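Contents: one structure, followed by commentary.
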Amino acid sequence: MEEEVTDGTSSGVPRSFWVIGALTLIFNAAGVTNFISQMSADAVAALPDLYRTVIESRPTWATIAFGAAVFGGALGCILLLLRKSAAYAVFVVSLLGAIVTMIDTIGTVSSNVAPAGFLVGNLTQLVVTGFLIWYSKRAGTRGWTS
């Protein structure tokens, strides 16, 4: 079995923990930026028709879920980097928000032809958040978070 390279502290946290935390924080920060830009009518007007349709027809409950998904993901990453076990629960909320958002989005795009990039982006959020739930749980069992 391979030994993990630690960060050189007595905590024994592997360097990969910090890399994963930082990269996923950047990923989720991009989601937050996307959410904020969708609150601007000018930014939405510049988007392709399908994207505008999804955003403009999104009900309030789906917008709230979208916010929970992206802000939850970013907050979860910050908590993970702070080595807080609460990251796990925040990632679960983020995943639930992403699922609810996708339910609305799938309903909207089912009557349109969705470009592959649109679907890949939504699925990527689910995969990354699912990974973060698993990873934060693993970090807790290994004593990397408390």
Here, residue 47 and residue 85, labelled 7 Å along Cα→Cβ, have an inter-label distance in nm of 3.9
At the level of C-alpha centres, the distance separating the range 28-64 and the range 85-104, in angstrom, is 18
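What does the charge dipole of the range 15-139 about its Cα centre add up to, to the nearest 20 debye, if the Cβ of each Lys and Arg holds +1 and the Cβ of each Asp and Glu holds -1?
660
Using R₀ = 30 Å, calculate the FRET efficiency as 1/(1 + (r/R₀)^6) where r is the Cβ-Cβ separation of residue 138 and residue 99; round to 0.05. Can you show the working numbers first?
Values: r = 22 Å, r/R0 = 0.72.
Once the sixth-power term is evaluated, E becomes 0.85.
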A correct fewest-to-most ranking of 138, 83 by other Cβ atoms within 10 Å would be 138, 83
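Fewest first, what order do 58, 15 take by the number of other Cβ atoms within 10 Å? Spell out each step's value before the answer.
Numbers: 58 18, 15 12.
Neighbour counts put them in this order, fewest first: 15, 58.
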In Å³ per residue, the alpha-carbon convex hull of the range 15-139 encloses 94
Diffing the range 76-89: the Karplus 3J(HN,Hα) column from phi (6.51, -1.76, 1.60, θ = phi - 60°), in whole Hz with x for Gly and Pro, holds x, 5, 4, 4, 4, 5, 7, 6, 9, 5, 4, 4, 4, 5
Cβ density ranking, 10 Å radius, fewest first, applied to 24, 101 yields 24, 101
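Give, as a single signed number, the net charge of other residues whose beta carbon lies under 15 Å from the beta carbon of residue 98, with Lys and Arg counted +1 and Asp and Glu -1. Intermediate values should be presented prior to the final figure.
Details: positive: 58; negative: 104.
Local net charge: 0.
Read-outs: derived from the displayed coordinates by stated rules, not from any lab. Bear in mind that the values here come from a model prediction, so they are computed numbers and not experimental data. Methodologically, a virtual Cβ is constructed for each residue, glycine included, from the backbone with ideal geometry; neighbour enumeration extends over all protein chains shown.
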